[in-house]
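For reference, the structure discussed in these notes is given below.
The values are calculated or read from the model by the stated rules, or taken from the named source; none is laboratory data. Keep in mind it's a predicted model, so treat the numbers as computed, not measured. Cβ: placed from backbone, ideal geometry, glycine included. Neighbour counts: every protein chain shown.
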Amino acid sequence: MYEPRIIGYLCTYCSYPGADLAGTSRIKYPPNINIIRVLCSGRVSPELILRTFREGADGVLVGGCHFGDCHFISGNHRTAKRIPILKKIMEYAGIEPQRLRLEWISASEGERFAEAVREFTETIRGLPPIREILP
Amino acid sequence: MEYRNVLTTCIYCGVGCGLYLEILDGKVVGTLPAKGHPVSEGKLCIKGWNAHAFIHHPDRLTKPLLRRDGRFLEAGWDEALDLVAERLTAIKEKYGPDAIAVLSSAKATNEENYLLQKFTRAVLGTNNIDHCARL
Amino acid sequence: MKRMEPLKRAVAEALRELDGVLALRRAWGGVAPHLFLREEELDELALWPKYPLPRTLQLIQRAHPESRLGIVARGCEERGLIEMAKRNQIDLGRIKVIGLACTAEEAQVCPCPKPYPTILTDIVIGEKIEPVANKMVEEFLAKSSQERLAFWKRQFSKCIKCYACRTVCPQCFCPECTLEDALWVETGRIPPPFPSFHLVRAMHTVGKCVGCGECELSCPAHIPLTTLYTLIRQEVQELFGYQTGESLEAEPPLVLPMEM
């Protein structure tokens, strides 16, 4: 039975505590996601995302702070511009752009994090495993 | 101040792509493919793109070096060639000509390679000659 | 309209006040970039095939920062110079641009939206023609997702990792290139694994690619790179309203904060 593998890059100051809150509040979300904490969502470069897909991730979730809340002032602005254009490039290359998702999650939005993971896991479940696209 | 391009042939493989060596103020600084060339058609492989890299390389020998007391010391051409002639003759007499081998370079001209193989076969009396492109 | 005579006159006039003009020279049966220093050399001036001249101009300017140089630039070369200047790679204050408009045959080789310069110079030799549409882009857009994937996999499997696309690009100036970093692009494999090498390169052209077509012209494997990069340029225009090489004042989109 195909269980998708999802990697989540969550920023230290907003989305990771949000995910943490989901955990301490015992909010259920699918276990398909593995979370990697980064200092800021602006650190997530296109090279990193493409390598994550090559290594076998079926989906990549990038979590950042809401605009105006970034600990590093403008890191999330960079992400907000990079991710849409990378999704377009993936679309032109024939890789489904739905595999990459960007969410703005604050430290108090535990339920929102869980909801995003639930939706994303279902989306990825509907797509072929990444090894069929990138052997 | 001068910048010009000199047409030459790539020294590496047997295809013989035409390329331009970029010369800035008397030093070779780069390579450009020869557009419209019947062989290379304006394209080069990675070795061709770096065909200029060894020309001004600091590791290149500029003077004969003789090993004395375990160290390499600079010497004059006459002294170096006298030593080479003396030692090669001695080895040839003691062990026979097949104890000597000669290594040439594909970066040398055809004429230099011809001279070296004539020297190896006619003067030294052995067939042990090879060069880097065969390896 | 004949361009050679008016161009020779324009370059000869420029040489009176400049230290040298970078243009193409015919020698040894071929054409290559050359820094013309004297009017007598202009008998060997050539027009085609074009070379990535902005790169060479940067090379000469870095070696002689105080010199006043000229360049015979087409539309794509002018766009390349504008984008380089925005990133402090070239000093346009000491450069005089002599514009050259492409003919219809030349524009067919590397279709671009504007085959003549308009911004950095008032002198444009040659007739300004209508831009030629890139047919491969239109054909590509009709493909489905699976067809696109199969297309690029087949194309990129021909890649020999010669780095020509990166070396000729006027906008690729990073001293440490991501494509040479073993962490992101696995080394020791030919062809480089899909999608790392080529999609990283595509991402790095965002906001920088001016559509000169040199990457595709220099690719020994005839990979249709401009098809992908043209589509990305159109996306950048739609998403950020930014057109590369159109104005010296517009800031590159990826470094700016979002407008709120």
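Some points to look at:
- Hits in segment B:6-16 - residues which are within 9 Å of chain C (Cβ to nearest Cβ) and either closer than 20 Å to residue C:162 by Cα or surrounded by fewer than 15 Cβ atoms within 10 Å (Cβ to Cβ) (or both): B:6
- Residues of segment C:120-136 that are in contact with a Ser or Thr (Cβ under 9 Å, 6 or more places away or on another chain) and surrounded by 17 or more Cβ atoms within 10 Å (Cβ to Cβ): C:124, C:126, C:134.
- Here the strands (runs of 3 or more DSSP E) wholly within segment B:50-112 that include at least 2 residues being of a type in the set (Lys, Arg) and farther than 30 Å from residue C:167 by Cβ are B:65-68.
- Inter-residue pairs, beta-carbon under 8 Å, first more than 18 Å from residue B:89 (Cβ to Cβ) and in segment B:106-135, second surrounded by 15 or more Cβ atoms within 10 Å (Cβ to Cβ) and aromatic (Phe, Trp, Tyr), 6+ apart: B:106/B:12; B:133/B:12
- Tallying residues that are facing chain B (nearest Cβ under 7 Å), under 11 Å from residue C:67 (Cα atoms) and assigned to a loop (DSSP other than H, G, I, E, B) within segment C:16-34 yields 1.
- Residues of segment C:233-258 satisfying the condition of being within 10 Å of chain A (Cβ to nearest Cβ), surrounded by fewer than 19 Cβ atoms within 10 Å (Cβ to Cβ) and of a type outside the set (Asp, Glu): C:234, C:239, C:253, C:254, C:255, C:256, C:257, C:258
- The single residue among C:44, C:39 that is touching a helix residue (DSSP H, G or I) at 6+ places or on another chain (Cβ under 7 Å) and free of Cβ contacts under 8 Å to residues at least 60 places away in the same chain turns out to be C:39.
- Residue C:215, sole failed condition from (1) within 13 Å of chain A (Cβ to nearest Cβ); (2) assigned to a helix (DSSP H, G or I); (3) buried (at least 22 other Cβ atoms within 10 Å of the Cβ): (1)
- Restricting the search to helices (runs of 4 or more DSSP H) fully inside segment A:41-135 and requiring at least 3 residues that are touching a residue at least 24 places away in the same chain (Cβ under 8 Å) and either acidic (Asp, Glu) or within 11 Å of another protein chain (Cβ to nearest Cβ) (or both) gives A:46-54, A:75-93.
- Total residues in segment B:1-49, condition in a strand (DSSP E or B) and either touching a residue at least 40 places away in the same chain (Cβ under 8 Å) or not small (Gly, Ala, Ser) (or both): 19
- For segment B:118-135, a residue qualifies if it is surrounded by 16 or more Cβ atoms within 10 Å (Cβ to Cβ) and outside any strand (DSSP E or B), and the qualifying residues are B:120, B:124, B:126.
- Single match in A:91, A:3 (criterion: at pLDDT below 95, among the acidic types (Asp, Glu) and closer than 30 Å to residue C:235 by Cβ): A:91
- Qualifying residue in segment B:28-47 (condition: away from every other protein chain (no Cβ under 14 Å), touching a strand residue (DSSP E or B) at 6+ places or on another chain (Cβ under 6 Å), surrounded by 15 or more Cβ atoms within 10 Å (Cβ to Cβ) and small (Gly, Ala, Ser)): no
- Residues in segment B:110-130 that are of a type outside the set (D, E, K, R) and out of contact with any helix residue (DSSP H, G or I) (no Cβ under 7 Å at 6 or more places or on another chain): 10 in all.
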